[in-house]
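Below: one structure, written as structure tokens.
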Amino acid sequence: MATTKGNKNNDYTGDNITILEGLEAVRLRPAMYIGDTEEKGLHHLVYEIVSNAIDEGLAGYATSVKITLEANGGISIEDDGRGIPVDINTKTGLPAVEAAATLLHAGGKFDRGSYKVSGGLHGVGLTVTNALSNEMSITVWRDGFANEIKFSRGKTTQKLTKTKTQGNQQGTKVYFLPDPEIFRNAHEFNLKSIFEMVRRQAYLTAGMKFVIIDSRTENAKENDKDNIEKYLKGASSFTFFFEGGVKSYVMHLNLGEKILNTPFYVRKSVDGTEVEVSLQYKEEFDEQVLCFTNNILNPEGGTHLQGFRIAVTKGINDYFEKNKSEREKDLKLSGEDVREGLTAVISVKVAEPQFEGQTKMKLNNPEVVHQVRAVVEEGLKEYFDQHPKDAQNIISRAVLTSKARAAAKAAREAVTRKGILDGGGLPGKLADCSSKFPAESEIFIVEGDSAGGSAKQGRDRKTQAILPLFGKPLNVEKARIDKVVDQDKLKTLIISLGAGIGDTFDIAKLKYHKIVIMADADVDGAHIATLYMTFFFRYMKQVVEQGYLYIAQPPLYRIELNNGEVIWVQDDEDKERNLKELAEKGRAVKSVQRFKGLGEMNSDQLWETTMNPKNRTLKRITIEDAEEANKIFDILMGEEVLPRKKFIQTHAAEAELDV
């Protein structure tokens, strides 16, 4: 029999069970409901309320949504739908609108007679938003009356009042001011986040009008870190209206690309599930497929993506079999072959969606596989018959991809088989660190042999590896993977990192959890850094997503004082500020040295300024918005000159010139 020291069970009784009343649980653990209490969580509240308005549109009752950034820092979302019911709910004894705003899991989305499909749950999104708001008011226009009720932090502060109105206005307006006690570091709305969310929802809700109005003070607009001019371009409002649905969305995603076919589009209901799909191929190599269920983005796809991929692979192969040449008779196109260069949007409306986890990352309804597959297969057959030229362009692209994939596989396997020590003759030579623990290991990709030599001498040999690579690497935005792995610089880098490339890449095998691009602090250095970033973004994106990629920030100037003290400064602005401060303090400057490149620094200087973890500055490369990052890489590194020229002209005033 097991024995214990004392009876500790007596310390844990029924009184230790805490029962949180009302919306206390939401305020105590807000991240459980909205992900976090930073900017992402704050804007999730906006999405929840906008989603309710969209659901009215999907049900056929609302035609427009108006989002207003208010002068006091709050936000209003107004629709012209039926209006949340205001009569007494017999189960709670409260007006229905009050129950929906104060009781979790109280709402109209559970009644399939009210909503066939919905993006969220009325009583969760609205209630959580109420709980996390310093102020909330709901105005409902129904049956010739304006009905208003007010709340604070989830509690009713003004009971429902009714006022007779002129005309027959219908709809709901929800205003809320985020609680700064919850959102301590981020309680101000960001126009970019709202703009991008609303535009996406407008594409997914064909025929519904979305209006953004910015009524903030000029000071608040000025402080918006994402530059209001970029979005509203001086206007106080912006309207989205897309009749083409996801077809318009695909065309937007491919804006500025060289395309191979007119967009394929199909929309059809199967057994109560509405399937809407559009796809288009471009000359670039990357695949971009966005999946949505009831207008909710599913970043990890799910059963709708599974059905789509089966349909596209089979549909293209069926057409290929009927039209292939004699020399292609033994060739069968794989899923990988037919997905290169593909841009697609898959949107399904499902009555009872099942997701993996609360974040709705992945759709799990098994019946959706067949439903999407059937709709897309039938649609592609009709599309290919009606657009034979487009069909041939797609087939030719897939055949070329198949041949390139075979060549790339051989090249990748050759690179993978090579060890670091038997790569003789390659232009770069890795000076590895002694540590075998990736979490503490760093690799510096250093521009030039001279800087590489200094870095090798000055480094911490236990944790810092040095890989000197002279000159500019291949622009991978314009090259297939077989060309990528065949270029000496990139081949050396791939071997050094030890994690493979393409479909052989395994992040778990990565030898270093800090990959530092160390280039000169000039225009050429910035270009080299951009080329390496492009490589990682396209072929080792997990490195960026995991936060393993960095840019070193070497100083541009060395200021030496008469007393021998040395001050290192990053740029011209930093230099002028330091010189002014030194002059004001009466401290004499002996000389100001500008470094033309890393190679001018000796080993101890390079260590002191750029490599020593105690002193250095590293810039971590992140992907906050993969869709936008994808576009920027296409513009800056792609073949098209005009989009790049327009980008440079637009952002010329922001550039820091090295002249």
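Sequence gap at least 6, Cα distance under 8 Å: using those rules, report the relative contact order of region 512-560 to the nearest whole percent. Don't skip to the answer; put the middle values down first.
Working: 38 pairs, mean separation 25.8, N = 49.
Result for region 512-560 is 53 percent.
Summarise the accessible area of region 276-376 (1.4 Å probe, protein heavy atoms) by the percent that is carbon and sulfur. Don't jump to the answer; show the numbers that get you there.
On the way: 1990 of 4170 Å².
Carbon with sulfur: 48 percent of the solvent-accessible area.
Would you list, by chain and number, the lysines whose Cα falls below 17 Å from the Cα of LYS590, excluding same-chain residues fewer than 8 positions away?
LYS575, LYS580
Can you give me the C-alpha center-to-center distance between region 156-177 and region 290-333, rounded to a whole angstrom?
After rounding, the separation between the Cα centres reads 49 Å.
How much length is gained if the chain between GLN158 and MET361 is pulled fully straight, taking 0.36 nm per residue apart and subtracting their Cα-Cα distance, in nm to one decimal?
Values: separation 203, 0.36 × 203 = 73.08 nm, distance 3.79 nm.
So the extension gain works out to 69.3 nm.
Percent of accessible area on region 428-503 owned by carbon and sulfur, 1.4 Å probe? The partial results should precede the final answer.
Working: 1470 of 2990 Å².
With neighbouring chains kept in place, the figure for region 428-503 is 49 percent.
So what's the gap between the Cα centers of region 127-149 and region 566-606, to the nearest angstrom?
The distance from the Cα centre of region 127-149 to that of region 566-606 comes to 59 Å.
From largest accessible area down, sort TRP607, TRP141; use a 1.4 Å probe on the protein chains.
Working: TRP607 70, TRP141 35 Å².
Correct descending sequence by accessible area is TRP607, TRP141.
Between LEU331 and ASN168, what is the label-to-label distance in nm when each label sits 7 Å out along the Cα-to-Cβ direction?
6.3 nm
Could you sort MET533, MET136 by accessible area so the largest value comes first, with the probe set to 1.4 Å?
On the way: MET533 45, MET136 5 Å².
Descending accessible area places them as MET533, MET136.
What full-extension length gain, to one decimal in nm, is calculated for LYS645 and VAL289 as 0.36 nm per residue of separation minus the Cα-Cα distance? Kindly include the intermediate steps, with their values, before the conclusion.
Working: separation 356, 0.36 × 356 = 128.16 nm, distance 2.78 nm.
Going from the current span to full extension adds 125.4 nm.
By a straight-distance test (C-alpha under 21 Å), which lysines pair with LYS462 as possible cross-link partners, with residues fewer than eight away in the same chain excluded?
LYS429, LYS436, LYS509, LYS511, LYS514, LYS614
For region 317-365, what number of Lys pairs, 8 or more residues apart or on separate chains, have alpha-carbon atoms under 26 Å from each other?
Number of lysine pairs found: 4.
Using the basic label-point model (7 angstrom from Cα toward the beta carbon), what is the ALA25 to LEU255 distance in nanometres?
In this crude spin-label approximation the distance works out to 4.3 nm.
So which GluC sites (Glu not before Pro) in region 253-344 pass both tests, a DSSP loop state and at most 16 other Cβ atoms within 10 Å of the Cβ? Please list the in-between numbers first.
Values: sites: GLU257, GLU274, GLU276, GLU283, GLU284, GLU287, GLU300, GLU321, GLU326, GLU328, GLU336, GLU340; in loops: GLU257, GLU283, GLU284, GLU287, GLU300, GLU340.
Filter output for region 253-344: GLU283, GLU287, GLU300.
Calculate what fraction, in whole %, of the accessible area of region 115-217 sits on carbon and sulfur atoms when a 1.4 Å probe is rolled over the protein chains.
Values: 1940 of 4250 Å².
Within region 115-217, the accessible surface is 46 percent carbon and sulfur.
Pull up the cross-link candidates among the aspartates and glutamates for LYS164, meaning alpha carbon to alpha carbon under 13 Å and not fewer than 8 places away within one chain.
ASP143, GLU148
Pairs of lysines 8 or more apart, or on different chains, with alpha carbons under 22 Å: count those in region 180-308, would you?
15
Averaged per residue, what accessible area in Å² does region 452-576 show with a 1.4 Å probe, protein chains only? Walk me through the numbers on the way to the answer.
Values: 4750 Å² over 125 residues.
With all protein chains present, region 452-576 gives 38 Å² per residue.
Which FRET efficiency, nearest 0.05, do HIS527 and ASP488 yield, Cβ-Cβ r, R0 22 Å?
Working: r = 19 Å, r/R0 = 0.84.
Result of the calculation: an efficiency of 0.75.
So, in nm, how far is label ARG577 from label LYS590 when the simple model puts each one 7 Å beyond its Cα toward the Cβ?
In this crude spin-label approximation the distance works out to 2.6 nm.
Sort LYS329, LYS472 from largest to smallest accessible area, using a 1.4 Å probe on the heavy atoms of the protein chains. Mind showing how you got there, number by number?
On the way: LYS329 120, LYS472 90 Å².
The most accessible residue leads, giving LYS329, LYS472.
The values are calculated or read from the model by the stated rules, or taken from the named source; none is laboratory data. Source: prediction; values computed, not measured. In this analysis, Cβ positions are derived from the backbone assuming ideal geometry, glycine residues included, and neighbour counts consider all displayed protein chains. These accessible areas exclude ligands, DNA and RNA; they are computed on the full protein's heavy atoms, side chains included. Shrake-Rupley method; radii C 1.70, N 1.55, O 1.52, S 1.80 Å.
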